[in-house]
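Notes to accompany the following structure.
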Amino acid sequence: MRRIIAQARKELTQVFRDRLTLALALLLPLVLLALLGKAISLSVTNIPVVVQDLDRTPSSRRYIETLQASLTFRVAPLPLSTQPPEALERNEAYVAIVIPPQFERSLQRDRETEVQWLVDATDANTANIMRATSVALTQDFLTRMNLMAGVQPAIRAEIRFWYNPGRESEKHIGTGAFAVMLALFPPLLAALATSREDEQKTILQVYVSSISAQEYLLGKALAFMCVAIAEWVLLLASAIPLFGLRFAGTPAPLFLSTMAYLFCSVSFGLLVGTLIRNQAAAIQATQTVAFLLSFLLSGFIFPIANIPTSVRWISHLVPARYYIEVTRDAFLRGGGWAAVWHVPVMLALLGSLFFLIAWLRMRRMQMDV
Amino acid sequence: MRKTLQDFTNQRLWALFMKELQQIRRNRRLVISLIVPPTLLVFLFGFALNPQVRNLRLGVVDDSHTPESRELVSAFFESGVFQVESYYTSSDALSRALDAGDLDAGLIVPSNFAKRLARGEAVDVQLFVDAVDSNKATIAGGYASRIIAALSDRLTQASPLTVSIKRAQPPRARSAVPRVALFYNPGLRSDWFIIPGMLGVLLILNGSLVAAATMVREKEAGTVEQLLMTPAESLEIITAKIAPLFLLLSLDIWLVLSIGYFVFGIPVRGSLLLLFATGLLCTLAGIGIGTLIATFTKTQQQAQLMGFFVNPPLSLLSGAMTPVEAMPQWLRPLTNLNPVRHFAIIARSIMFKGVGFETLYPHIFALLGITLVLISFSVWRFRKQL
Amino acid sequence: MSADAVTEGTAASTDVFLQKPLEDAVPIRVRDLRKSYGALEAVKGVSFAVRKGEIFGLIGPDGAGKSSIFQILGGVMQPSDGEASILGRTPRDARSMIGYLTQTFSLYQDLSVAENLRYVGELRLLSKEEIRERSAHYLRMFDMDRFADRLAGRLSGGMKQKLALACALIAEPKVLLLDEPTTGVDPVSRREFWDALIPLAARGMTILVATPYLDEAERCHRIALIHEGRIHATGTPAELRHSLGLERLEVRANDLARAEELLRKARGIEDVQRFGDRLDVLVRDVAQGERSVRETLKDLNVTELHLREPTLENAFVATLRELEGDVSLSPFPRARQTGMPKRNTTAISARSLSKRFGDFQAVKGVDLEVRYGEIYGLLGANGAGKTTTIKMLCGLLEPSGGTVTLAGERDLRSSSVRQRIGYMSQKFSLYDDLTIEENLDFFAGVYGVPRREREEKKRWVLSFSGLEGRERQLTGSLPGGWKQRVAFGASIMHEPEVLFLDEPTSGVDPLARRALWRMINDLADYGVAILVTTHYLEEAEQCNRLGLMVAGYMVAQGSPSDLKTAQRGTLIELITDEPQLAMKILRDEMERWRVSLFGDRLHVVVDEDEDTAIKKLADRLKRNGIDVVRAYREPFSLEDVFIQTVERARREGKVAPED
């Protein structure tokens, strides 16, 4: 035990000495958190849209006004001389809307008339939203024109958005980014500190003292757990005001899972550090594996269900996947223990697995040739 | 005399160039990082980043228990967007399941559903959507409205159940409908969006990391002094360092394009040559960033860490993965300084829209400008350090 | 007390395995030890034993297998075969009784001195008090107590090495393993390190040390010469010196190059070595040898001829030559079209050169001149400003003040100047990730060596470095010493007029070092101006002129003989029955630097004349119950010059104590 503490204290001293790494550990996650939370979003606003009004009647102008009233669009007229698809080709607009001639007359005569929406579907998700918006805005227009007055829909859907009524993207992405940051930086520090001992040969000093592999690794784990907890507190303190989060239910599962998750992260770092004995390569490995997997296979941005089954199984090995469930539950859904009891269990298992492999690699505490 | 001098210069540049090439050949990590991360990134992003909303788990509380309510539920089911996960007896039970994250949406059909329909009165059904994922919720909500509207329409127009309604009020065609035509990517495949974007991200990311590592290695090993004592000019040294990297990295363009074409079926409708040429510009910009990083660092490890400060903002604020229009207003103009943003637009336009230089020249010139500034600034700094 | 035991032990039977109790008397035992890395056998059946309280030296070049032996004895690596035991146990089980100091020091550069000690102490489960007391004790002992809070990374090389020693000592081990603890460290720091080591052995600690420096080997009780994984000779330094059965004649004459050539062919002469301004001639019979020398050199005017003891270097060179034959030195293929600059005209000249890094003045007004055909040696402690000076002289660093003229030009960065310069930097001259041939191709290409000459020159470098047939090998896989030879070859392929060599011979075995110096001499004879730095003071003897730097100042310049004669005082060598105690007594009364211990001999620098001083010293020791066995005057060695000059500068306040 004394040796574990000695090891941990040494690691912490080193972390505080190394300014660049300390800045990296504490500052960069905050910057990235803000960046990810604010910049990654699929809720488009102010999309450039061009409208070609071939009717030029009060009704068509009313239709354009309806478009302009929507926050989603930034509407510009398209001169008659231009073919609508050209606007898409030149990347001037995502959507080109053509109001047909005789628009008003058709409306007045109760004939069905079609407004053409030419959507640049390069970005499938945005195109999907455009498609939904086209329906909604046209309905809206009809209502405004009192054209729907007599008709009552038989079934009225009363749709309520739970947990995140404003459907703010940053609450969703922010809670995920929080987990991704913790999947990246603690392992990075732990991996660097472990591979550095090999690179600078200080590991020999450790080998000749009779410290055991588990003591050595636990000492390092302990130290980087402390750093990780500090990181967690900082991230939490910035994420809450930044994304307007608040606890939706009991925070207990979050706290417990956090400990398990940080252990997982740090153990993963130790694992990388013991396998790769060159700092630059260790950074690259951590970056590629931890960041990429947590970014892509954790349900951070897009649902895990969308991942093809051939790849989806990997996501079960990605700790961030579980932790994201907990953060979203704690801050948005509020399901409590019943919803997330399995998370700390899975995380503890994964963490122990990583730790075990690192231990197997180190256990002889000798140079391997 | 002049002849021999020229001979010397060429021989020198050749020697430097060969040396770099041989070092790269031996550097297994470099070769790996030229192949593995691009392949991995393209595959993972292409497969995993799929925002399509389908198979949403729907929970139902059917207090009506009538054929009409069952028709409503099956309308949801038939849409393909929702799958009915299970039925609940009370709204409490439903909301508990939503809380637990077992469901994405819940539908509550009131007990008077059939009766009111029969009477021709409007009925309200409640739909709860888990809006934690706002994008999914928005799209799910849109789908639900459309499903209910369609059913509603059908009921008012055709259903024998609503004959009375029809009689009371002659049906009237909705007078205006949007007709949506999807251009360029009618299959709405999200991988088509991601992969051209990733191409730019990769060229910058890989270019900068590989360049920084190569540039800094000589400093780290201390051989740079030996090199400086040779008659080689600093510009020759830098040229010889950049040229092989440039050649190798340009292979990444083909790598990504072939994966895109053969695995994801992404077409290149415009000029392949223009795409490659702009890709080279992008590569050069990446090398410029890497060289710049190398001038700030002493070891490969520091260079890698510096990469962390530079690369995420470049790839996130580029519109390569998510649309620029989804970023906060104040950030959007800044993205114009990002070479990845311009390249993403160029790549997508060439690949999907088949347009050429005549429409893309503003972005091409912007990319060219950024690249020139980056590469000349970084070379200037690097030279000063030599 | 243990000094007695050691002397007795040395004289007694060589089969130490018969002694009882074994573990106590002979803490380190190695029998038929082997270690293979894949196909490469690094240690090929090594046996030796080290007695309690003994300093045992493993002497050999890079790649001889020393580090492998240390790693096995330190318990951090398994042997492939054979037996190694420490205090009767396997090294792994004996770890708590071993102090292990590696080549790279194993210090945490970003921890302070005290934190390093504390960490090591805690790993070894010492109590807080023990750690505090022992840290304080060793830091005081090594004169480092002021620096407890300084980061290890910001210590000088010598201090780092003492800190590493303190770390190894903190758990009070019984056995100390020191793997090249002083490589790359200047002579002053090296002497301080050894001064700290000797009392430890006297108190019964068993010390195994590896070193490439022969002056350090002199300070061991016993040494073993190791070469290519095998031990070739074991014994006390004196035994090895005399094992050749040869005597050494120091000869000074007018034309040394020609004298060497003539003596090499003369009869009755075993070996000739050139050391700067003198020749070492090894002969079996003194009288006959002297006759032969005088006869052979009768036209060359022999100015001095002295009989001296052979040195360890003489012994090693002879042993190595037996093993692998002399390094063949085929003539360097010169193809120079333009003539060399005139001899004795100025090649490198610096006037009041200075360099400032922020607040730190690294070089202070250095004047220096090197002429064509001259070998100029730059000496100085680590951090004295040598490397900075060289970098300014060859144009890698812009001076803060003063002027440099190089090969007659002021613009040092011009391509044409660099074409005429050869440069070999400390360790990093070659690309590790290229093969030897690719490296040579690169340097030949970048210096524009004409294609038709390239093959011949490459072949020459390969034969010079003894690597024929291995040109496809990766340079990184070569031991340091071999790499140095290739690097040297690569730096002269374009036939430079001026050559800068920054520690060209570190890690090179004595035989190859001799070949290297013969080549350096050959180049100088051809008219090349050579500026060289080295930590081997034996080598500095071979320079025509030396410059001694201390704390950024050039404090002395002149030929090795000039510098030695300029020394004030007299050097007395004392042989006593209790050298440890004698040193302690004398040091109490005199300045510390005046007294140092070399194995069983004491060197004392005195200001009085020889006879008075010997009498006074003998009296002083007699009063403390120590008998002086022999005492005589010794000429100053360059090491003595070096240390005295640094001390004098320190007393004159030029060198602020390190902080």
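One line per residue, one yes/no per condition, for (1) closer than 28 Å to A:Y216 by Cα; (2) within 11 Å of another protein chain (Cβ to nearest Cβ); (3) in contact with a strand residue (DSSP E or B) (Cβ under 8 Å, 6 or more places away or on another chain):
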residue	(1), (2), (3)
A:A282	yes, yes, no
A:A285	yes, yes, no
A:L297	no, yes, no
A:F302	no, yes, no
A:S315	no, yes, no
A:P319	yes, no, no
A:V340	no, yes, no
A:L349	yes, no, no
A:A358	yes, no, no
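Restricting to helices (runs of 4 or more DSSP H) lying wholly in segment A:1-74: which have 1 or more residues that are within 14 Å of chain C (Cβ to nearest Cβ) and touching a residue at least 60 places away in the same chain (Cβ under 8 Å)?
On the way: elements: A:2-17, A:19-39, A:58-69.
Helices (runs of 4 or more DSSP H) meeting the threshold: A:2-17, A:19-39.
When you scan segment B:331-386, how many residues do you find that are assigned to a loop (DSSP other than H, G, I, E, B), in contact (Cβ under 8 Å) with a residue 60 or more places away in the chain and open to solvent by less than 40 Å² (accessible area, probe 1.4 Å)? Please lay out each step first, then the result.
First, pick out the residues of segment B:331-386 that are assigned to a loop (DSSP other than H, G, I, E, B): B:338, B:354-356, B:386.
Still in the running and in contact (Cβ under 8 Å) with a residue 60 or more places away in the chain: B:354-356, B:386.
In the following step, the residues that additionally are open to solvent by less than 40 Å² (accessible area, probe 1.4 Å) were identified as B:354-356.
Residues flagged as assigned to a loop (DSSP other than H, G, I, E, B), in contact (Cβ under 8 Å) with a residue 60 or more places away in the chain and open to solvent by less than 40 Å² (accessible area, probe 1.4 Å) within segment B:331-386 amount to 3.
Please verify whether C:I86 is surrounded by 17 or more Cβ atoms within 10 Å (Cβ to Cβ), more than 8 Å from every other protein chain (Cβ to nearest Cβ), of a type in the set (V, I, T) and under 30 Å from C:F48 (Cα atoms), treating the condition exactly as stated.
Yes, satisfied.
How many residues are out of contact with any strand residue (DSSP E or B) (no Cβ under 6 Å at 6 or more places or on another chain) and either open to solvent by less than 40 Å² (accessible area, probe 1.4 Å) or more than 7 Å from chain A (Cβ to nearest Cβ) (or both) when one looks only at segment B:137-159?
Qualifying residue count for the region: 13.
For segment C:370-450, which strands (runs of 3 or more DSSP E) that fit wholly inside it have 1 or more residues that are under 21 Å from B:L235 (Cβ atoms)?
C:421-424
Go through (1) open to solvent by 10 Å² or more (accessible area, probe 1.4 Å); (2) within 9 Å of chain B (Cβ to nearest Cβ) one by one and return the number of the condition C:F442 breaks.
Looking at each condition in turn, C:F442 falls short on (1).
Report, ordered by the first and then the second residue, all pairs with beta carbons closer than 8 Å, sequence separation of six or more or different chains, a first member in segment A:123-142 that is facing chain B (nearest Cβ under 7 Å), and a second member that is among the acidic types (D, E).
A:T126/B:E325; A:A127/A:D120
Residues that are of a type in the set (V, I, T) and under 30 Å from C:D432 (Cβ atoms): does segment B:51-58 have at least one?
Taking every residue of segment B:51-58 in turn, none turns out to be of a type in the set (V, I, T) and under 30 Å from C:D432 (Cβ atoms).
Given the criterion within 11 Å of chain A (Cβ to nearest Cβ), touching a residue at least 24 places away in the same chain (Cβ under 8 Å), under 23 Å from A:L184 (Cα atoms) and open to solvent by less than 30 Å² (accessible area, probe 1.4 Å), identify the matching residue among B:T297, B:T322.
B:T297
Report, by residue number, each residue of segment C:235-251 that is open to solvent by less than 20 Å² (accessible area, probe 1.4 Å) and within 14 Å of C:G57 (Cα to Cα).
C:G235, C:P237, C:L240
Tell me, which residue of segment A:214-258 that is within 26 Å of A:L192 (Cα to Cα) and charged (D, E, K, R) is nearest to the other protein chains (Cβ to nearest Cβ)?
A:E215
Just wondering, is there one or more residues in segment B:86-96 that are more than 26 Å from A:A338 (Cα to Cα) and either away from chain C (no Cβ under 14 Å) or touching a residue at least 12 places away in the same chain (Cβ under 8 Å) (or both)?
The answer is no, given that none of the residues of segment B:86-96 is more than 26 Å from A:A338 (Cα to Cα) and either away from chain C (no Cβ under 14 Å) or touching a residue at least 12 places away in the same chain (Cβ under 8 Å) (or both).
Got at least one residue in segment A:121-136 being open to solvent by 10 Å² or more (accessible area, probe 1.4 Å) and in a strand (DSSP E or B)?
Looking through segment A:121-136, none of the residues is open to solvent by 10 Å² or more (accessible area, probe 1.4 Å) and in a strand (DSSP E or B).
What pairs come up if the first residue lies in segment C:557-571 and is on the phi < 0 side of the Ramachandran plot and in the same structural domain as C:L546 (by TED's automatic domain parsing), the second is among the β-branched types (V, I, T) and surrounded by fewer than 17 Cβ atoms within 10 Å (Cβ to Cβ), and their beta carbons are under 6 Å apart, counting only those six or more places apart or on different chains?
none
All but one of (1) crowded, with 21+ Cβ neighbours inside 10 Å; (2) outside any loop (DSSP other than H, G, I, E, B); (3) within 13 Å of chain C (Cβ to nearest Cβ); (4) of a type outside the set (G, A, S) hold for A:I211; which doesn't?
(2)
For segment A:193-202, which positions are open to solvent by 10 Å² or more (accessible area, probe 1.4 Å) and facing chain C (nearest Cβ under 9 Å)? Please lay out each step first, then the result.
Looking only at segment A:193-202, we keep the residues that are open to solvent by 10 Å² or more (accessible area, probe 1.4 Å), and these are A:196, A:198-201.
Correct list: A:Q200, A:K201.
Checking the condition part of a loop (DSSP other than H, G, I, E, B), within 17 Å of B:V201 (Cβ to Cβ) and either out of contact with any helix residue (DSSP H, G or I) (no Cβ under 8 Å at 6 or more places or on another chain) or within 14 Å of another protein chain (Cβ to nearest Cβ) (or both), which residue from B:F308, B:F264 passes?
B:F264
Please work out which residue is farthest from the other protein chains (Cβ to nearest Cβ), limiting yourself to segment A:163-185 and to residues that are open to solvent by 10 Å² or more (accessible area, probe 1.4 Å) and modelled with pLDDT under 75.
A:G166
So which pairs qualify, if the first residue must be in segment C:459-479 and within 27 Å of B:I24 (Cβ to Cβ), the second must be open to solvent by 50 Å² or more (accessible area, probe 1.4 Å) and of a type in the set (G, A, S), the Cβ gap must be under 6 Å, and the two must be at least 6 apart or on different chains?
Pairs that qualify, where the first residue is within 27 Å of B:I24 (Cβ to Cβ) and the partner is open to solvent by 50 Å² or more (accessible area, probe 1.4 Å) and of a type in the set (G, A, S), are C:P479/C:G63.
What are the residues in segment A:257-279 that are within 17 Å of A:T202 (Cα to Cα) and open to solvent by less than 10 Å² (accessible area, probe 1.4 Å), if any?
Narrowing segment A:257-279 to residues within 17 Å of A:T202 (Cα to Cα): A:270, A:273-279.
Residues satisfying the conditions are A:L270, A:G273, A:T274, A:Q279.
Just to be sure I understand the filter: pairs with C-beta atoms under 7 Å, separated by 6 or more residues or on different chains, first member in segment C:152-163 and assigned by TED's automatic domain parsing to the domain that holds C:D195, second member at pLDDT 85 or above and β-branched (V, I, T). Which pairs pass?
If the second residue must be at pLDDT 85 or above and β-branched (V, I, T), the pairs left are C:A152/C:V113; C:L163/C:V113.
Output the number of the condition that A:A320 fails; it satisfies all remaining conditions of (1) hydrophobic (A, V, I, L, M, F, W, C); (2) modelled with pLDDT of 85 or more; (3) more than 14 Å from the chain's Cα centre (by Cα).
(3)
Please enumerate the residues belonging to segment C:283-317 that are aliphatic (A, V, I, L, M) and crowded, with 20+ Cβ neighbours inside 10 Å.
C:V283, C:V293, C:L297, C:L312, C:A315, C:V317
Among the residues of segment C:104-145, how many are open to solvent by 10 Å² or more (accessible area, probe 1.4 Å), facing chain A (nearest Cβ under 8 Å) and closer than 29 Å to C:K52 by Cβ?
Going through segment C:104-145 one residue at a time, the tally reaches 4.
Please identify the pairs in which a residue from segment B:219-230 that is touching a residue at least 12 places away in the same chain (Cβ under 8 Å) and more than 7 Å from chain C (Cβ to nearest Cβ) has its Cβ atom under 8 Å from the Cβ atom of a residue that is of a type outside the set (A, V, I, L, M) and not in a helix (DSSP H, G or I), counting only partners at least 6 apart or on another chain.
B:K219/B:K298; B:E220/B:K298; B:E220/B:T299
Give the residues of segment C:373-393 that are open to solvent by 10 Å² or more (accessible area, probe 1.4 Å) and modelled with pLDDT of 90 or more, sorted by residue number.
C:G373, C:E374
The values are calculated or read from the model by the stated rules, or taken from the named source; none is laboratory data. The structure presented is a predicted model; accordingly, all values stated were derived computationally and were not measured. A quick note on method: Cβ atoms are made from the backbone with ideal geometry, for glycine too, and the neighbour counts reach across all protein chains shown. Accessible surface is based on the protein model in full, side chains and every heavy atom, while ligands, DNA and RNA are left aside. Shrake-Rupley method; radii C 1.70, N 1.55, O 1.52, S 1.80 Å.
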